Amino acid sequence: MNKKNLYCSIPGITKIESVVITENHSSPSTIAMINAETLSVDIGDQITIDMGYVGDHSQVFQGYVKNIDRKTPKSMYEITAYDELIRASDYFIVSSNPNTPFKRRGFYLEQLVTDLLDLAGLTLTDFDATFFILGVNTDVEVNMISVYDICKQLADIVTWTIWADHNGNIYFRNRKPFLMTGASGQPGDDTPDVAVNVANPIPLEQIMDYVYRVDEKDLRNKVVVYGRNGIYAEASSATSYDPRTDTQEQIVPTTPEIFYKIILAAIPYIDTVAECQDCADYNLYLYNKLTESANITIEGNHSLHARYVIKIADSITNVGGTWYAYSCEHNLSRGGYTTTFDLRR
Amino acid sequence: MAWTLGGTRVYVIDEDETSKQEIARLQPLTSGTIHHIFGWDDPIIKINGKVVGLTNLNALREMRTTGVTTTLSGDIENRTVLVSSLSFKRNRAYWQTLDITQDCTAPVFDVDIELYEEI
């Protein structure tokens with residue numbers, strides 16, 4: 001028999017009934033939902049969540065209380081907290097004088113992200129060099145937009161990702177929502193992904209259920225980018241990447257002619273043709289592929305998170321092997337502690 | 001030892017107690033059940049007995065609405081409890097000799113009381 005005593009500690013919140021932490025590759029913030037009977041924290045307070053099992057637990061969340069519901073007649077509190085990056089979503093950039101907005105010229109993209117996060121009181125803990133210069137010919141002006149939204153727009157130019165982890169560290173990296181090979185030639189993609197649990201993969205004995213899926217819903221095999229002052233570029237490919245075979249294959253129809261599923265990016269911060277072309281190439285690499293995914297639920301594992309590369313030791317089902325964790329949900333309640341992943345590769 | 005609830009005399013006939021641990025059962029695809037222990041439910045005590053006189057009955061009825069803990073005493077150690085529910089039915093007795101401090105024509109009630117112990 002396998003028996004474990006659950007553990008959950010949130011300073012300022014006691015008599016905890018349930019905790020659900022939802023992390024997602026594409027979400028601005030990780031969200032924690034806590035049901036508890038007593039609390040001494042208030043809106044805006046910083047909280048941490050340490051959970052797992054007695055003798056085997058770790059911090060899985062750090063963020064700010066944004067909402068408190070008191071439910072009667074059960075007299076329970078439902079507390080909603082968001083991770084550190086919520087400050088970037090909450091900080092709306094508005095110049096007092098519309099003629100003198102926040103602006104930069106000739107800056108590396110990661111420097112601009114650093115400066116913008118600084119407006120919201122956030123420090124970029126970890127980042128790579130994009131080698132991508134913005135505002136070469138004209139100023140990049142930023143006004144009437146939240147810090148997160150502008151940072152996300154900038155990240156989308158080079159198809160990078162900005163996120164905060166469970167310890168409050170903020171990252172800006174070339175993190176694609178699938179396994180990276182280190183062979184794309186893009187900055188920040190230097191080595192193949194290695195699973196964080198490569199020495200101790202998740203065994204089949206811990207998997208409660210799974211769904212395996214392949215689809216072409218997000219596939220785009222042509223990208224058009226509009227920059228400033230009439231600049232534009234495009235990139236396309238008749239073949240698309242199939243992660244099941246690790247080859248480029250004909251996926252969209254080719255008769256009577258090549259069929260393009262097109263995505264358009266209009267980015268006013270780009271003002272050179274070369275960068276417009278880089279942006280198109282990066283986005284084609286991101287989108288021109290089949291999505292191979294798996295939803296699995298395992299016994300709760302507090303050491304795994306979204307944006308981790310994880311390995312599943314299973315030769316029976318389709319879910320064995322190395323995956324990118326697109327989303328991760330830690331759920332601790334009377335029903336036990338489970339972790340649910342949306343995996344991609 | 002005489003049973004009292006918050007100082008009110010109750011002639012207990014039956015007493016039973018239920019308590020349990022919250023244990024989740026997770027079932028992996030290919031191995032035995034995993035048990036996750038979440039915590040435990042404090043005991044629920046059910047008392048069946050008799051109460052003599054309206055004054056005593058009303059004292060018990062009062063406890064249903066205050067939400068204040070009270071003490072259950074009897075042949076077990078004193079326990080701090082909340083009165084969750086009380087149901088009663090008047091007994092078809094013309095004369096009572098249970099409680100000699102009260103008039104022999106005092107009404108007798110059959111009561112069922114559910115108590116949540118606070119630990």
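Taking the Cα centre of region B:45-90 as reference, the dipole from Cβ charges on Lys and Arg (+1) and Asp and Glu (-1) amounts to some 300 debye. Does chain A come out rounded, prolate or oblate, given a ≥ b ≥ c as the square roots of the eigenvalues of its C-alpha gyration tensor, rounded meaning a/c under 1.5 and, failing that, prolate meaning a/b above b/c? Oblate, because a/c is 1.5 or more while a/b does not exceed b/c.
Quick check on the protein assembly as shown: of the DSSP beta bridges with both residues there, what percent are antiparallel, nearest 5%? Taking every DSSP beta bridge with both residues in the protein assembly as shown, the antiparallel ones total about 90 percent. The angle separating the long axis of helix B:54-66 from the principal Cα axis of greatest extent in chain B is about 30 degrees. Extending 7 Å from Cα along the Cβ direction at residue A:191 and again at residue B:59 yields two label points whose distance is 7.7 nm. Under the combined filter of DSSP loop state and at most 10 neighbouring Cβ atoms within 10 Å, region B:1-106 retains these chymotrypsin sites (Phe, Trp or Tyr not before Pro): B:94, B:95. Taking square-rooted eigenvalues a ≥ b ≥ c of the alpha carbon gyration tensor, is region A:137-184 rounded, prolate or oblate, where a/c under 1.5 means rounded and, failing that, a/b exceeding b/c means prolate? Oblate is the answer for region A:137-184, as a/c is 1.5 or above yet b/c matches or exceeds a/b. Counting Cβ atoms of other protein chains within 10 Å of each Cβ in B:34-44 and taking the mean gives 5.
How many angstrom separate the Cα center of region A:135-193 from the Cα center of region B:56-104? That distance is 70 Å.
First compute the accessible area of region A:117-273 with a 1.4 Å probe, then give the percent of it belonging to carbon and sulfur atoms. The C+S portion of the solvent-accessible surface of region A:117-273 is 52 percent. In a DSSP loop and with at most 13 other Cβ atoms within 10 Å, the trypsin sites (Lys or Arg not before Pro) in region A:235-344 are A:244, A:334. At R0 = 45 Å, how high is the FRET efficiency between residue B:25 and residue A:262 if r is their beta carbon distance? Nearest 0.05 is fine. FRET efficiency, residue B:25 to residue A:262: 0.35.
Put simply, the amide H of residue A:61, placed in the peptide plane, has neighbours under 5 Å in A:49, leaving out anything fewer than 5 places away on its chain.
Note on chain B: with a GNM built from Cα contacts shorter than 10 Å, the maximum mean-square fluctuation among B:97, B:80, B:33 falls on B:33. Label reach from residue A:46 (point 7 Å along Cα→C-beta): in region A:7-25, amide nitrogens under 15 Å belong to A:11-12.
Taken residue by residue and averaged, Cβ atoms of other chains lying within 10 Å of the Cβ of B:17-25 number 2. Taking 0.36 nm per residue of sequence separation and removing the Cα-Cα distance, the residue A:95/residue A:149 pair yields an extension gain of 17.8 nm.
Across the residues of A:200-207, average count of Cβ atoms on other protein chains within 10 Å?
On the way: counts 0, 0, 0, 3, 4, 6, 6, 4.
Mean partner shielding for this stretch: 3.
With N as its number of residues, chain B has a Cα radius of gyration that, divided by 2.2 N^0.38 Å, comes to 1.40. For region A:268-273, take each phi angle, set θ = phi - 60°, evaluate the Karplus expression 6.51 cos²θ - 1.76 cosθ + 1.60, and give the result in whole Hz per residue in order, putting x for glycine and proline. With the stated coefficients, region A:268-273 comes to x, 8, 9, 10, 10, 5 Hz.
If each DSSP helix of 4+ residues adds -39,500 (n - 2.57) and the sum is divided by the residues in chain A, what number results at 222 nm, nearest 500 deg cm²/dmol? Spell out each step's value before the answer.
On the way: 4 runs with 42 residues, N = 345.
Result for chain A, helices only: -3500 deg cm²/dmol.
Quick one: grab the alpha carbon gyration tensor of region A:6-83, order the square roots of its eigenvalues as a ≥ b ≥ c, and give me rounded if a/c is under 1.5, else prolate or oblate depending on whether a/b is larger than b/c. Oblate, because a/c is 1.5 or more while a/b does not exceed b/c.
Computing FRET efficiency as 1/(1 + (r/R0)^6) for residue A:273 and residue A:167, where r is the C-beta to C-beta distance and R0 is 30 Å, gives about 0.15. For the cross-link pairs A:103/A:217; A:4/A:289; A:71/B:46; A:74/B:89, the ones whose C-alpha atoms lie over 31 Å apart are A:103/A:217; A:4/A:289.
To test your reading of the geometry: what angle, between 0 and 90 degrees and rounded to tens, separates the Cα axis of helix A:109-119 from the longest principal axis of chain A? The helix A:109-119 is inclined about 50 degrees to chain A. With both labels modelled 7 Å from their Cα along Cα-to-Cβ, the residue B:1 to residue B:77 distance reads 1.0 nm.
The values are calculated or read from the model by the stated rules, or taken from the named source; none is laboratory data. Everything numeric here is computed off the predicted structure, so don't read it as measured data. Here the Cβ is made from the backbone with ideal geometry for all residues, glycine too, and neighbour counts use every protein chain on show. For the accessible areas, the whole protein counts, side chains as well, though only heavy atoms, and no ligand, DNA or RNA atoms are used. Shrake-Rupley method; radii C 1.70, N 1.55, O 1.52, S 1.80 Å.
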